[in-house]
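All remarks here apply to the structure that follows.
The values are calculated or read from the model by the stated rules, or taken from the named source; none is laboratory data. Keep in mind that what you see is a predicted model, and the values were worked out from it rather than measured. Cβ: placed from backbone, ideal geometry, glycine included. Neighbour counts: every protein chain shown. Each accessible area value is taken on the protein alone, full model and side chains, heavy atoms only, with ligands, DNA and RNA left out. Shrake-Rupley method; radii C 1.70, N 1.55, O 1.52, S 1.80 Å.
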Amino acid sequence: QVQLVESGGGLVQAGGSLRLSCAASGGTFSWYAMGWFRQAPGKEREFVAGISWTGGSTYYADSVQGRFTVSRDNAKNTVYLQMNSLKPEDTAVYYCAARNFAVSTLKGKYDYWGQGTQVTVSS
């Protein structure tokens, strides 16, 4: 059983940056592909970014491509999401998730989820 805990959310002005962290415990972190998702009020949870278990492959939603960067440190059992040039439409609760095998953009394919961290971008 893998436990995931996100941190790093907060309030930031448009154009600013935040770095989210997701710390994993209870499993072999390096076996898992990791995904970041977000959910805005009244909207479906959507894929934001993903990273393979080696860190060698990364994937991004079109809406964040070029602004967000996902990375991982398997020695620290942590995955990161660096968010730059933030926009008000990036406001959401951000979740990290883990699954065996490859990254998926489908939330239903993930086995473990964190509790989420709120990101609010003011205009």
Worksheet entry | Complete set of residues in the stretch 69-123 that are open to solvent by 60 Å² or more (accessible area, probe 1.4 Å), in contact with a strand residue (DSSP E or B) (Cβ under 7 Å, 6 or more places away or on another chain) and among the basic types (Lys, Arg) | Lys87, Lys107, Lys109
Worksheet item: For the stretch 107-123, what are the residues that are in contact with a Gly (Cβ under 9 Å, 6 or more places away or on another chain), farther than 15 Å from Leu18 by Cβ and touching a residue at least 12 places away in the same chain (Cβ under 8 Å)?
Response: Lys107, Tyr110, Tyr112
Practice prompt. Among the residues of the stretch 43-70, write down those that are within 11 Å of the chain's Cα centre (by Cα) and closer than 17 Å to Gly114 by Cα.
Written response: Glu46, Phe47, Val48, Ala49, Gly50, Ile51, Val70
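Would you say Thr69 is β-branched (Val, Ile, Thr), in a loop (DSSP other than H, G, I, E, B) and modelled with pLDDT of 95 or more? Quick ask: steps written out before the conclusion?
Numbers: β-branched (Val, Ile, Thr): yes; in a loop (DSSP other than H, G, I, E, B): no; modelled with pLDDT of 95 or more: yes.
It is false that Thr69 is β-branched (Val, Ile, Thr), in a loop (DSSP other than H, G, I, E, B) and modelled with pLDDT of 95 or more.
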Response to the item:
Filtering the stretch 40-60 for residues that are without any contact (Cβ under 8 Å) to a residue 24 or more places away in the chain, in contact with a strand residue (DSSP E or B) (Cβ under 7 Å, 6 or more places away or on another chain), in a loop (DSSP other than H, G, I, E, B) and open to solvent by less than 80 Å² (accessible area, probe 1.4 Å) leaves a count of 1
